[in-house]
1. Can you confirm whether the stretch 283-299 contains a residue that is out of contact with any helix residue (DSSP H, G or I) (no Cβ under 9 Å at 6 or more places or on another chain) and surrounded by fewer than 17 Cβ atoms within 10 Å (Cβ to Cβ)?
2. Just to verify a result, which residue in the stretch 238-247, among those that are open to solvent by 10 Å² or more (accessible area, probe 1.4 Å) and either touching a Leu at 6+ places or on another chain (Cβ under 8 Å) or not assigned by TED's automatic domain parsing to the domain that holds LEU211 (or both), is nearest to the ligand (Cβ to nearest atom)?
3. Can we say ILE157 is β-branched (Val, Ile, Thr), modelled with pLDDT of 95 or more, out of contact with any strand residue (DSSP E or B) (no Cβ under 8 Å at 6 or more places or on another chain) and surrounded by 24 or more Cβ atoms within 10 Å (Cβ to Cβ)?
4. Taking the options ALA253, ALA257, name whichever one is of a type outside the set (Ser, Thr, Tyr), touching a Ser or Thr at 6+ places or on another chain (Cβ under 6 Å) and surrounded by fewer than 21 Cβ atoms within 10 Å (Cβ to Cβ).
5. Within the stretch 105-142, work out how many residues are closer than 30 Å to PHE74 by Cβ, more than 16 Å from the ligand (Cβ to nearest atom) and open to solvent by less than 50 Å² (accessible area, probe 1.4 Å).
Amino acid sequence: MAKIFISAKVPTSGIQALQQAGYEPAVYQGAGLITPTELKAGVADAAVLITPLSTPVTKDIIDAAPKLRLIANFGAGFNNIDINYAATKAIAVTNTPGVSTASTAEVTVGLVLALMHRMVEGDRLMRTTGFDGWAPLFFLGHELAGKTLGIVGMGQIGQAVAKRLHAFGMKIVYTQRHQLDVFTQSKTDATYLTLAELLKTADVVSLHAPLTPATQHLLGANQLALMQPSAYLINAARGPLVDEHALLAQLKAGQLAGAALDVYETEPQLTPGFAELKNVILTPHIGNATVEARDAMAKIVTDNAIAVLNGQAPTAVVNGVVEPK
Ligand SMILES: NC(=O)c1ccc[n+]([C@@H]2O[C@H](COP(=O)([O-])OP(=O)(O)OC[C@H]3O[C@@H](n4cnc5c(N)ncnc54)[C@H](O)[C@@H]3O)[C@@H](O)[C@H]2O)c1
């Protein structure tokens, strides 16, 4: 029987779906992330690899897997996989689009609310020194209503964030490679701007573009310097979109009002300096960490595994290989 190797624990619903289809997947049981050596051993005789987005699947790993036909990435972003090299070996690479949208949009909205209303900072205060009581000038934040939200990458998550924060009374501007069609744009009254115009204009900048060579350090020192000192930055996309050292310098210099990060440039490491800043919220890559999203992701990867092993085409192919070897 063809081997399915799963390089991290996944929801029970996924394992059960594979068992019902007659497969007994081998699941990595170690603590933390799998090492490259363990991954190579796991894929050596596997036809399918199901892997979380935190695990690099490099040329070396692919070379160690001569029977591999499918790499089903458990995640929407797939920058962890050498998709082009996989294509040269007729290995399909799939992701899990769409099902992270509600969860990641909700987390983003939560970060905007918490940052602008200083909720995490307030929680920390109550757990330490406490406060002297209500006072007219005490602990002031800012309302979202009437402010401008700038979305970088108006795809599924960007649009879901726009819809939700438009309901809070925010004006929506966005940038990406192509303008939206008029109908989609009109649903949130969104206005297209260039990245530079957006950075100069927005009170809150929220990143929702994928990590590609073109988006690496999309916000470097020069771009961050365009933002208003009263503006906030949210990154729930991918850490390397932002030059974190430049961001830290801007925050320390008071050139930005605050930032909320769910993802990190050298994830899972945190760049030293952020933890000390009161106007920064840090969450551990929990954008789609919901039971609902993870079950839906498990369904996509296991459906694809079963399809490929039955000689059918997988869905959500990201490297053009619709008929794997
Ligand atoms: N924090 C989390 O847990 C979490 C969860 C899910 C997804 N994500 C990240 O969010 C990203 C977006 O997800 P999605 O489902 O909305 O993807 P999507 O493909 O629907 O949207 C991405 C958008 O980014 C735009 N884009 C591409 N290159 C760009 C550039 N150079 N400048 C500006 N815009 C650009 C695209 O045109 C597209 O509209 C994913 O790639 C992933 O990295 C994070």
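1. yes
2. ARG238
3. Taking the combined requirement at face value, the residue satisfies it.
4. ALA257
5. Selection size over the stretch 105-142: 1.
Residues are listed down the side, and each one gets a yes or a no for (1) open to solvent by 20 Å² or more (accessible area, probe 1.4 Å); (2) of a type outside the set (D, E, K, R):
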site	(1), (2)
GLU197	yes, no
THR201	yes, yes
LEU211	yes, yes
ALA214	yes, yes
ASN222	yes, yes
PRO229	yes, yes
ILE234	no, yes
ALA249	yes, yes
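Quick grid of which residues meet (1) part of a helix (DSSP H, G or I); (2) under 30 Å from LEU113 (Cα atoms); (3) of a type outside the set (Asp, Glu):
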{"site": "LYS278", "(1), (2), (3)": "no, yes, yes"}
{"site": "ILE281", "(1), (2), (3)": "no, yes, yes"}
{"site": "ILE286", "(1), (2), (3)": "no, yes, yes"}
{"site": "MET297", "(1), (2), (3)": "yes, yes, yes"}
{"site": "GLU323", "(1), (2), (3)": "no, no, no"}
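Yes/no matrix, rows are residues, columns are (1) at pLDDT 95 or above; (2) more than 15 Å from the ligand (Cβ to nearest atom); (3) in the same structural domain as ALA17 (by TED's automatic domain parsing):
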| position | (1), (2), (3) |
| --- | --- |
| ASN235 | yes, no, no |
| GLY254 | yes, yes, no |
| ALA259 | yes, no, no |
| GLN269 | yes, yes, no |
| PHE274 | yes, yes, no |
| ALA296 | yes, no, yes |
| ILE300 | yes, no, yes |
| PRO314 | yes, yes, no |
| VAL318 | yes, no, no |
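The values are calculated or read from the model by the stated rules, or taken from the named source; none is laboratory data. Values in this document were obtained by computation on a predicted structure and should not be read as measured data. Note that we place each Cβ from the backbone using ideal geometry, even for glycine, and neighbour counts take in every protein chain shown. Note: areas computed on protein heavy atoms with side chains; ligands, DNA, RNA excluded. Shrake-Rupley method; radii C 1.70, N 1.55, O 1.52, S 1.80 Å.
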